[in-house]
Structure formats: structure tokens, C-alpha cells
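Here is the structure we will look at, set down as C-alpha cells.
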Amino acid sequence: MSLLAPFVGLALFLSLAMAGAWLVAERSGNHGWVDTIWSLSTGVAAVATALWPIGAESWLPRQVLVAGLAAAWSLRLGLHILRRTLKGGDDPRYAALRREWGSSARRRLFQFLQIQALAGLVLALGVAAAAHNPLATWRIADGVAVALAIIAVLGEGTADRQLARFRAVLANRGRICDEGLWGMSRHPNYFFEWLGWLAYPLFAIDLAGAYPWGFVALLAPVLMYVLLVHASGIPPTEAHMLRTRGDAFRDYQRRVNAFWPGRARRSKDDRRA
């Protein structure tokens with residue numbers, strides 16, 4: 001059976017999900033619901049495309065494995081953002097967008113969330129390309145893909161926990177977390193988020209050329225990199241941090257890489273000592 005029919009249905013599902021996210025966020029005043037609903041609905045779309053039957057065959061082991069990894073990603077991220085959302089307080093990125101858009105904020109936010117629905121569909125397409133690789137045998141690349149996905153989920157979860165612990169200490173209010181993974185990258189959660197999407201091309205691509213559709217899976221990490229590094233991830237987050245932390249965050253920017261983990265550089269004060 002063709003994948004065209006489910007993708008049309010999933011496009012409608014994601015569009016309606018993000019319309020619902022817009023409505024909930026606008027009525028509650030808490031735009032954390034946007035990322036919660038996006039993470040969970042994109043996970044549903046990805047799992048659905050992975051398990052969609054092709055022909056008369058039942059689910060193949062690769063389909064089940066890829067669907068399980070997509071579900072693990074979605075649930076971990078979605079529930080993490082949900083816990084943060086339930087604590088209250090608007091997401092500063094969306095608050096900044098609303099200030100920038102002014103009187104047209106409601107309309108432009110709705111349009112923006114429909115673009116996010118399209119992004120979710122592209123990610124689901126990458127998962128589908130990985131799940132429907134027809135190769136009957138397992139390869140080294142599949143094992144590397146599983147390891148990469150596990151490292152990504154554990155790494156992002158660790159970064160989130162380290163930041164939560166730092167913020168829970170009263171003495172750290174107004175300070176910048178540069179401990180643990182946050183001393184190696186200013187956005188380790190984004191780095192591991194992107195890393196996980198690299199697993200799907202490893203599942204999908206067959207260099208022998210037997211499955212040319214596998215290269216479609218490259219869309220997922222490319223899109224996620226653009227979103228996180230150049231669009232809705234790092235730029236608005238850092239703009240908010242510069243507004244609220246000022247010179248302290250500028251020093252953090254000088255010392256620690258934005259995305260790629262690396263050894264922290266010494267601050268100006270350390271170099272003078």
C-alpha cells in the first residue's frame with residue numbers, strides 16, 4: 001500500500017493538532033503548550049508512518065524498532081516540556097514573538113504553528129524512510145543508529161536534569177548554568193536533540209543503491225539542525241538570555257560553544273590572573 005494516503009491524513013492531523021495548540025496557548029496564556037503538543041503529535045505521526053503496512057506483510061522488525069525509538073523520543077521530550085509547562089509562566093521565546101508581532105500576534109502565531117506542523121510532517125517522513133528500508137538483514141549501521149538514538153535520549157535527559165537541579169537552588173537565581181554538559185555547550189539539549197535524528201539516515205540509507213528512498217531520511221537531521229541552530233532554537237533563546245542576564249551571558253558566550261560540545265575557554269578574568 002502506498003504511503004501517500006497516510007501522509008495526507010497525517011498532514012491534516014498535525015495541522016489540527018497545532019491549531020489546537022494555538023487555541024490552548026492563547027486561552028491559557030502559556031505557550032509552553034505549543035511545544036508540548038508539537039512533540040507528542042509529531043511522535044504520533046512518526047510512529048504511525050513507521051508502522052504503516054506496505055503490501056500484505058505484517059510489521060517487520062525494523063519498523064517496530066524505529067517506531068519504538070521515535071516513541072521514546074516523543075514521550076521523553078513531550079513529558080519533560082509538559083512538566084515545565086504545568087509549573088506556569090509563559091515561554092519567553094513566544095512572549096518575545098508576540099511583542100514583536102504586536103496587534104497581528106494571534107494571526108501570525110497561528111501561521112507559525114502551521115509551519116511547525118509541516119516541519120513535523122517532514123520529520124515523520126524521515127522516520128518512515130528509515131522504518132521501511134526493505135533490507136532483511138541487520139547491518140553495523142543499524143547498531144550504530146540504535147546506539148546514537150540511545151545516547152541522544154540519555155544526553156538530552158541528562159542536560160535537562162542538570163539545568164533543573166541548578167535552577168532549583170535558590171542561590172542560583174539569576175545565574176547562568178555552566179556546570180556539567182552546560183559547561184561544554186550553551187545548548188547541550190539542542191545538540192543531543194539533533195544527534196538523535198542522525199539515527200534515521202543510518203537506518204535508511206543503503207549505499208549499494210537498493211533503496212534510493214533511504215536518502216529521504218537525511219531531511220530530518222538537516223531540518224532539525226536549521227530549526228535549532230538558525231531559527232526557533234538558539235537565536236530566540238540567546239536573545240532572551242542577553243536581555244535578562246546581560247554581561248554574564250556574554251561572558252558565557254565567549255567561553256562556551258553555542259552548539260557543538262567542546263572544552264570551555266577561560267574567561268577574561270581568568271586570563272588576567
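The values are calculated or read from the model by the stated rules, or taken from the named source; none is laboratory data. This structure is a prediction, so every number in the text was calculated from the model and none was measured. Because the Cβ atoms are built from the backbone with ideal geometry, glycine has one as well, and the counts that use them run over all protein chains shown. Just so you know, the surface numbers come from the protein's heavy atoms only, side chains and all, with ligands and any DNA or RNA stripped out. Shrake-Rupley method; radii C 1.70, N 1.55, O 1.52, S 1.80 Å.
Quick look at the values:
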read-out: Region 31-59: number of residues that are without any contact (Cβ under 8 Å) to a residue 40 or more places away in the chain, open to solvent by less than 40 Å² (accessible area, probe 1.4 Å) and hydroxyl-bearing (Ser, Thr, Tyr); value: 0
read-out: All positions within region 180-212 that are surrounded by fewer than 21 Cβ atoms within 10 Å (Cβ to Cβ) and of a type in the set (S, T, N, Q); value: Ser185
read-out: Number of the condition not met by Arg108 [criteria: (1) surrounded by 14 or more Cβ atoms within 10 Å (Cβ to Cβ); (2) touching a residue at least 12 places away in the same chain (Cβ under 8 Å); (3) of a type in the set (D, E, K, R)]; value: (2)
read-out: Number of the exception - Asn133 against (1) assigned to a helix (DSSP H, G or I); (2) under 24 Å from Leu219 (Cα atoms); (3) more than 15 Å from the chain's Cα centre (by Cα); (4) among the polar types (S, T, N, Q); value: (1)
read-out: Test: residue in region 158-177 that is out of contact with any Lys or Arg (no Cβ under 7 Å at 6 or more places or on another chain), outside any helix (DSSP H, G or I) and of a type in the set (Phe, Trp, Tyr); value: no
read-out: Out of Leu10, Leu65, Leu16, Leu60, sole residue that is more than 21 Å from the chain's Cα centre (by Cα) and not aromatic (Phe, Trp, Tyr); value: Leu60
read-out: Number of the condition not met by Ser28 [criteria: (1) more than 24 Å from Val127 (Cα to Cα); (2) surrounded by 19 or more Cβ atoms within 10 Å (Cβ to Cβ)]; value: (2)
read-out: Residues of region 77-96 that turn out to be part of a helix (DSSP H, G or I), open to solvent by less than 50 Å² (accessible area, probe 1.4 Å) and in contact with a helix residue (DSSP H, G or I) (Cβ under 7 Å, 6 or more places away or on another chain), as a count; value: 10
read-out: Selection status of Ser232, outside any helix (DSSP H, G or I) and in contact with a Lys or Arg (Cβ under 8 Å, 6 or more places away or on another chain); value: yes
read-out: Single residue of Arg186, Arg165 found to be free of Cβ contacts under 8 Å to residues at least 24 places away in the same chain and either basic (Lys, Arg) or in contact with a Cys (Cβ under 9 Å, 6 or more places away or on another chain) (or both); value: Arg165
read-out: Subset of region 132-179 (residues that are among the β-branched types (Val, Ile, Thr), out of contact with any Phe, Trp or Tyr (no Cβ under 9 Å at 6 or more places or on another chain) and either farther than 30 Å from Leu60 by Cα or open to solvent by less than 30 Å² (accessible area, probe 1.4 Å) (or both)); value: Val169
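This table checks each residue for (1) at pLDDT below 95; (2) loosely packed, with under 14 Cβ neighbours inside 10 Å; (3) touching a His at 6+ places or on another chain (Cβ under 6 Å).
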{"position": "Leu218", "(1), (2), (3)": "no, no, no"}
{"position": "Val222", "(1), (2), (3)": "no, no, no"}
{"position": "Leu227", "(1), (2), (3)": "no, no, no"}
{"position": "Val256", "(1), (2), (3)": "no, no, no"}
{"position": "Gly262", "(1), (2), (3)": "no, yes, no"}
{"position": "Arg266", "(1), (2), (3)": "yes, yes, no"}
{"position": "Asp270", "(1), (2), (3)": "yes, yes, no"}
